[in-house]
Structure formats: structure tokens, C-alpha cells
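Computed from the coordinates by the stated procedures, all read-outs in this text should not be read as laboratory data. A quick note: this is a predicted structure, and the numbers were derived from the prediction, not measured. Note: ideal-geometry Cβ built from the backbone for every residue, glycine included; neighbour counts use all protein chains shown.
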Amino acid sequence: MRLLSKILWFLAFLAATFVWMVLFEHGFSMQAFSKGFREEWQSLSRMVTGAQTEIAPATAPTPPSKSKP
């Protein structure tokens, strides 16, 4: 029974951490929280399931041109 209690407390800690992370990153309004919650939940589920998203290839920055007047 103690193990079940510890598991439930750990899950509550994870849920509270997730909520606080969303609140601080996306804002304290209900609209920002709900939008941020959806974004972070999708990101977390992609990370856990290992689903790959298409990432655009990085392009090398072009050096500034040096022109003499």
C-alpha cells in the first residue's frame, strides 16, 4: 500500500510540475494556458512515442560582404 501511495504522490508531482512549466512559459491567462498545454502535451507525446517530425535542414549563415567605397 505504501508503494501505491508513493506512485500517486510522484504522479501528482509530475502533473504539478507540468502545469507550472506551462504557466510560466506560456502565461497565466486561461487562453495562453490552454494553448500552451496543448502545444507542450503534443511535444511531450512526440518525445515519448518517438514520432519524428520533419525538420528543415539548417542553412549555413552567409558572411557579410565587405565592400570598400
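General remarks:
- Fully extended contour minus Cα-Cα distance, from Phe37 to Ile7, at 0.36 nm per residue: 8.5 nm
- Full extension of the chain between Lys66 and Ala51 yields a length gain of 1.0 nm, computed as 0.36 nm times the residue separation minus the alpha carbon distance.
- Residues Met30, Met1 arranged by fewest to most Cβ contacts within 10 Å: Met1, Met30
- Ascending count of other beta-carbon atoms within 10 Å, so fewest first, for Lys66, Lys6, Lys35: Lys66, Lys6, Lys35
- Burial ordering of Ser65, Ser43, fewest other beta-carbon atoms within 10 Å first: Ser65, Ser43
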